[in-house]
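Derivation of every value follows stated rules applied to the coordinates shown; laboratory data play no part. Computed from a prediction, not measured in an experiment: that's the story for all the values here. FYI the Cβ positions are ideal-geometry reconstructions off the backbone, even for glycines, and counts take in every protein chain you see.
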Amino acid sequence: MAFQNPAQNYTETRLNLGDLVHLSPHSTYLMRSESDCPDAGIVKGSVLAINQALKPVHRQIIVAEVDGEVTLRRLLLNPAPAMQALDADETVTVLDVNQTLPVWGVVAYALTDMAGAGFNGPAGE
């Protein structure tokens, strides 16, 4: 007489990154962070999924155009439109309410290499 495996009827589907996140090929761009933003959960080298179709809301991390360059900022809409730097000094730049927000896109996801193996190596190494 054989005993049944108690986990025999329990199966779990394999996790798939494509099923967990929505990355539209028409509005999502991938870029690497060039700096550490620990309060935002972003470290240097993190792969950021930037979605240009998302409407930015208060306190979201955005890619903003500042002086002709793109940079990461926290968008503040209340009590007045402003952008907060993500570095240690957290400088806040107040924006003119009549000015269009300098938002290039919203950071939808950040993928961080926790093991230090890098994203460019062959699979399985």
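Name the most mobile residue of Asp36, Asp87, Asp67, meaning the one with the largest mean-square fluctuation, in a Gaussian network model of the chain with Cα contacts below 10 Å. Top of the fluctuation ranking is Asp67.
Enumerate by residue number the GluC sites (Glu not before Pro) in region 1-69 meeting two conditions: DSSP loop (anything except H, G, I, E, B), and at most 12 other Cβ atoms within 10 Å of the site's Cβ. Passing sites in region 1-69 are Glu12, Glu34.
A Gaussian network model of the chain, with springs between Cα atoms under 10 Å, assigns the largest mean-square fluctuation among Gly45, Gly105, Gly18 to Gly18. Scalar couplings 3J(HN,Hα) for region 37-44, obtained by applying the Karplus form with A = 6.51, B = -1.76, C = 1.60 to θ = phi - 60°, are 9, x, 5, 9, x, 10, 10, 4 Hz; x denotes Gly and Pro. Qualifying trypsin sites (Lys or Arg not before Pro) in region 7-99, where qualification requires a DSSP coil assignment and no more than 13 other C-beta atoms within 10 Å, comprise Arg14, Lys44, Arg59. Rounded to the nearest 0.05, the FRET efficiency derived from the C-beta distance between His26 and Glu69 at R0 = 22 Å is 0.35. Per-residue ellipticity at 222 nm, computed for the chain from helices alone with -39500 (n - 2.57) per DSSP H run of at least four residues, works out to -500 deg cm²/dmol.
Within the listed set Leu101, Leu17, Leu111, the residue fluctuating most in the Gaussian network model of the chain (springs between alpha-carbon atoms under 10 angstrom) is Leu17.
Give a quick list of chymotrypsin sites (Phe, Trp or Tyr not before Pro) in region 1-60 that DSSP marks as loop, anything other than H, G, I, E or B, with at most 11 other Cβ atoms within 10 Å. Passing sites in region 1-60 are Phe3, Tyr10. Across the chain, C-alpha contacts under 8 Å between residues 6 or more apart give a mean separation that, scaled by the residue count, equals a relative contact order of 22 percent.
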